[in-house]
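Shown next, in C-alpha cells, is the structure this report addresses.
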Amino acid sequence: MLGAGLVAKKACELGLLVKPWIKTSLAPGSGVVTKYLLQSGLQEYLNKQGFHIVGYGCTTCIGNSGELDESVASAISENDIIAAAVLSGNRNFEGRVHALTRANYLASPPLVVAYALAGTVDIDFDKEPIGTGKDGKSIFFKDIWPSSEEVAEAVQSSVLPDMFRSTYQAITKGNPMWNQLQVPSSTLYTWDPNSTYIHEPPYFKNMTMEPPGVHGVKDAYCLLNFGDSITTDHISPAGSIHKDSPAAKFLLDRGVERKDFNSYGSRRGNDEVMARGTFANIRLVNKLLNGEVGPKTIHVPTGEKLYVFDAAMGYKDAGHDTIVLAGAEYGSGSSRDWAAKGPMLLGVKAVIAKSFERIHRSNLVGMGIIPLCFKSGEDADTLGLTGHERYTIDLPNKISDIRPGQDVTVTTNNGKSFTCAVRFDTEVELAYFNNGGILPYVIRNLIK
C-alpha cells in the first residue's frame, strides 16, 4: 500500500494524473492502513489521483464501489466494449468488480495505480510511455516505480506498532451505533417478518425426526444448460442488485428504494432475496438461450424466456422438479455456501456435469442435491441433449443399496438413456443425502 502511495507521489510530481475515464477507489482491509498512509503523507497523493478511501474490507472486490460515470457506462454498453478492471484483491471473475467489466485482472496495489495512470491494460510497460509529464516529456513505468529502498524506508518510518494497538483495542467495545441497538431479552432469536435483511430460512420447514430417505428424480425439467467453467460467482448471489432483477422487484414491493438496495452480500441473511439472486449473474451463458448472455432461461412448458428465478418458481408451483446440465469444472472458484443453498431453494434436485469442483460438489450433497458425472468422453452435446427434455434419474430405493461413485441410469422422455456416476463420494455424504441434507442431519443427531 505504501508502494502504491509512492507511485501516486512520483506521478503527481511529474505532472501525470489518472485518466478521466478511469474509476478509482481505495478500500484497505484495515483501518491501520489509513493511519500509516496518513503518517507517511502518501494518502494526499493517492487522493490527488482519485484513490480516496471509500470503506474497508470487501467493497470493490464484490462490486460495491459504486456506479461508473454515466457517459462511460453508456459507451461500454452501446459499443459492446470489453472494459477492464484492475484490482488488488483475490477475485477476478468477469462482472464481479462491476457488471460492465468483462476483463478483470489482479495486481499489486502499486500496479493498480500504474494501470490507472496509463488508462488502459493494453500497454507494454517496458516499452510504451504511460503518459506525458508537465515538461512535455514521455513518462515511463520506470520513472514512477519506487525502489525497494524507498518502500523499506516508508515502512520503517510510517508503520508503527501503536497504530495496530490503538485500532484493534476497541474491537470488543463496539461503536455507538452498534451499542445503541435494541436487543430482545428472549433466548431465541425473534424473527421480524418485515425485515428484508434477515428472514427465517425454510431449511427445517416440515422436517420430521424420521429421515426422508432416498429420492430419485422423475420427469424433471432442465432449468439451465451450461458449458464449462461455471463458477460459484455465476451461481451464487454476489455484488450489487440489478435494478430490473427479481430481487429488486422483491425489495421495491416492500418499500425499499433503489438507493437502499445495498448488495446481495449484505442481505445474505434473507433467503427470499438470495433465492432471487441465484443464477442472476448478467454474464451467465445458458445454452437454452442460444448464445444470448444474461440471467434468464427458457421455461420449457411454455417456451417463455424468463428470469431464472421466475422460471424456477413456475416449475415449483406446477409441482415439477428441475435439474441443471453442465460441462467441466462446475462450481469452480471460491466455495460459496449460497451456490448450493440457492439452487436448492429454486427446486433443483440434481446437477449433471462433466466434472465438479471438489468442495462445491460436497456442498451440493449437503443441500440434498444429487451430483452426477457424465461418463468419460460424454457430455450433454455428445449425447444430443438440448435441455428441452424431461429427465428421470433412477436411484436405488434404499440408502444401503447406494455405493459412493456407483453408476446410475438417466432417461429422458424422448427415449434417450445414458449412464452417469453418482458423486456421493463418502459414506458420510450418503448419510447427508438420506437425511435431506447436512442441516437436518445435524439437527436429528443433536436431538438424539
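Here is a list of conditions, (1) assigned to a helix (DSSP H, G or I); (2) crowded, with 23+ Cβ neighbours inside 10 Å; (3) at pLDDT below 95, and LYS259 meets all of them except one; can you say which number that is?
Checking LYS259 against (1) assigned to a helix (DSSP H, G or I); (2) crowded, with 23+ Cβ neighbours inside 10 Å; (3) at pLDDT below 95, the one that fails is (2).
Among the residues in the stretch 343-353, are any without any contact (Cβ under 8 Å) to a residue 40 or more places away in the chain, farther than 27 Å from VAL214 by Cβ, part of a strand (DSSP E or B) and open to solvent by less than 60 Å² (accessible area, probe 1.4 Å)?
no
Give just the number: which of (1) within 29 Å of PRO211 (Cα to Cα); (2) crowded, with 21+ Cβ neighbours inside 10 Å; (3) touching a helix residue (DSSP H, G or I) at 6+ places or on another chain (Cβ under 6 Å) does VAL324 not satisfy?
Just one mismatch for VAL324, condition (3).
Looking at the stretch 426-433, is at least one residue farther than 21 Å from TYR221 by Cβ and either small (Gly, Ala, Ser) or not in a helix (DSSP H, G or I) (or both)?
Taking the stretch 426-433 as the starting set, the residues that turn out to be farther than 21 Å from TYR221 by Cβ are 426-433.
Next, from what is left, pick out any that are either small (Gly, Ala, Ser) or not in a helix (DSSP H, G or I) (or both): 426, 431.
Yes, there is a match, as at least one residue in the stretch 426-433 is farther than 21 Å from TYR221 by Cβ and either small (Gly, Ala, Ser) or not in a helix (DSSP H, G or I) (or both).
Output the number of residues of the stretch 20-30 satisfying the condition of being open to solvent by less than 40 Å² (accessible area, probe 1.4 Å) and out of contact with any Phe, Trp or Tyr (no Cβ under 9 Å at 6 or more places or on another chain).
Pass one, the stretch 20-30, residues open to solvent by less than 40 Å² (accessible area, probe 1.4 Å): 24-28, 30.
Retained after the next criterion (residues that are out of contact with any Phe, Trp or Tyr (no Cβ under 9 Å at 6 or more places or on another chain)): none.
Of the residues in the stretch 20-30, 0 are open to solvent by less than 40 Å² (accessible area, probe 1.4 Å) and out of contact with any Phe, Trp or Tyr (no Cβ under 9 Å at 6 or more places or on another chain).
Do we find a residue being touching a residue at least 24 places away in the same chain (Cβ under 8 Å), open to solvent by less than 90 Å² (accessible area, probe 1.4 Å) and closer than 30 Å to GLN49 by Cα anywhere in the stretch 167-186?
Within the stretch 167-186, one or more residues are touching a residue at least 24 places away in the same chain (Cβ under 8 Å), open to solvent by less than 90 Å² (accessible area, probe 1.4 Å) and closer than 30 Å to GLN49 by Cα.
I need the strands (runs of 3 or more DSSP E) fully contained in the stretch 292-332, keeping only those with at least 1 residues that are closer than 19 Å to ILE393 by Cβ and in contact with a strand residue (DSSP E or B) (Cβ under 9 Å, 6 or more places away or on another chain). Give the derivation first.
Working: elements: 296-299, 304-307, 322-325.
Qualifying strands (runs of 3 or more DSSP E): 322-325.
Does the stretch 41-50 contain at least one residue that is of a type in the set (S, T, N, Q), in a helix (DSSP H, G or I) and over 29 Å from the mean Cα position of the chain (by Cα)?
We begin by selecting, within the stretch 41-50, every residue of a type in the set (S, T, N, Q); these are 43, 47, 49.
Going one step further and asking which of them are in a helix (DSSP H, G or I), we end up with 43, 47.
Next, only the ones that are over 29 Å from the mean Cα position of the chain (by Cα) stay: 43, 47.
Yes, the stretch 41-50 has at least one match.
(1) over 25 Å from SER229 (Cβ atoms); (2) of a type in the set (A, V, I, L, M); (3) open to solvent by 60 Å² or more (accessible area, probe 1.4 Å); (4) part of a loop (DSSP other than H, G, I, E, B): which one isn't true of ILE81, the others all being true?
(1)
Identify the residue in the stretch 300-321 that is of a type in the set (Phe, Trp, Tyr) and under 17 Å from MET344 (Cβ atoms) and, among all such residues, is least open to solvent (accessible area, probe 1.4 Å). Before you say what the answer is, go through the steps one by one.
Here is the first cut: in the stretch 300-321, the ones of a type in the set (Phe, Trp, Tyr) are 307, 309, 315.
Next cut, under 17 Å from MET344 (Cβ atoms) only: 309, 315.
Numbers: PHE309: 23, TYR315: 1 Å².
By that ranking, first place goes to TYR315.
Residues THR412, THR426: which one is in contact with a Lys or Arg (Cβ under 7 Å, 6 or more places away or on another chain) and of a type in the set (S, T, N, Q)? Lay out the reasoning, then the answer.
Working: THR426 fails: in contact with a Lys or Arg (Cβ under 7 Å, 6 or more places away or on another chain).
Going through THR412, THR426 in turn, just one is in contact with a Lys or Arg (Cβ under 7 Å, 6 or more places away or on another chain) and of a type in the set (S, T, N, Q): THR412.
Could you check the stretch 363-397 and list, in sequence order, the residues that are open to solvent by 40 Å² or more (accessible area, probe 1.4 Å), in contact (Cβ under 8 Å) with a residue 60 or more places away in the chain and of a type in the set (Ser, Thr, Tyr)?
The answer is THR386, and nothing else.
Taking only the stretch 208-229 into account, find how many residues are open to solvent by 10 Å² or more (accessible area, probe 1.4 Å) and either out of contact with any Pro (no Cβ under 7 Å at 6 or more places or on another chain) or modelled with pLDDT of 95 or more (or both). Don't jump to the end; show me each part of the working.
So the first thing to find is which residues in the stretch 208-229 are open to solvent by 10 Å² or more (accessible area, probe 1.4 Å), and the list is 208-216, 218-219, 221, 227-229.
From the residues that got through so far, the ones that are either out of contact with any Pro (no Cβ under 7 Å at 6 or more places or on another chain) or modelled with pLDDT of 95 or more (or both) too are 208-213, 215-216, 218-219, 221, 227-229.
Counting residues in the stretch 208-229 that are open to solvent by 10 Å² or more (accessible area, probe 1.4 Å) and either out of contact with any Pro (no Cβ under 7 Å at 6 or more places or on another chain) or modelled with pLDDT of 95 or more (or both) gives 14.
Kindly indicate whether THR382 is β-branched (Val, Ile, Thr) and either farther than 25 Å from ALA421 by Cβ or in contact with a strand residue (DSSP E or B) (Cβ under 6 Å, 6 or more places away or on another chain) (or both). Outline the logic, then answer.
On the way: β-branched (Val, Ile, Thr): yes; either farther than 25 Å from ALA421 by Cβ or in contact with a strand residue (DSSP E or B) (Cβ under 6 Å, 6 or more places away or on another chain) (or both): no.
So THR382 does not fit the description; no.
Can you pull out every residue in the stretch 59-75 that is buried (at least 18 other Cβ atoms within 10 Å of the Cβ) and of a type in the set (Val, Ile, Thr)?
Our first condition is that a residue be buried (at least 18 other Cβ atoms within 10 Å of the Cβ); within the stretch 59-75, this holds for 59-65, 68.
Matches in the stretch 59-75: THR59, THR60, ILE62.
The values are calculated or read from the model by the stated rules, or taken from the named source; none is laboratory data. Because the structure is predicted, anything quoted here is derived from the model rather than measured. In this analysis, Cβ positions are derived from the backbone assuming ideal geometry, glycine residues included, and neighbour counts consider all displayed protein chains. Side chains are part of the model used for accessible areas, which takes the heavy atoms of the whole protein and leaves out ligands, DNA and RNA. Shrake-Rupley method; radii C 1.70, N 1.55, O 1.52, S 1.80 Å.
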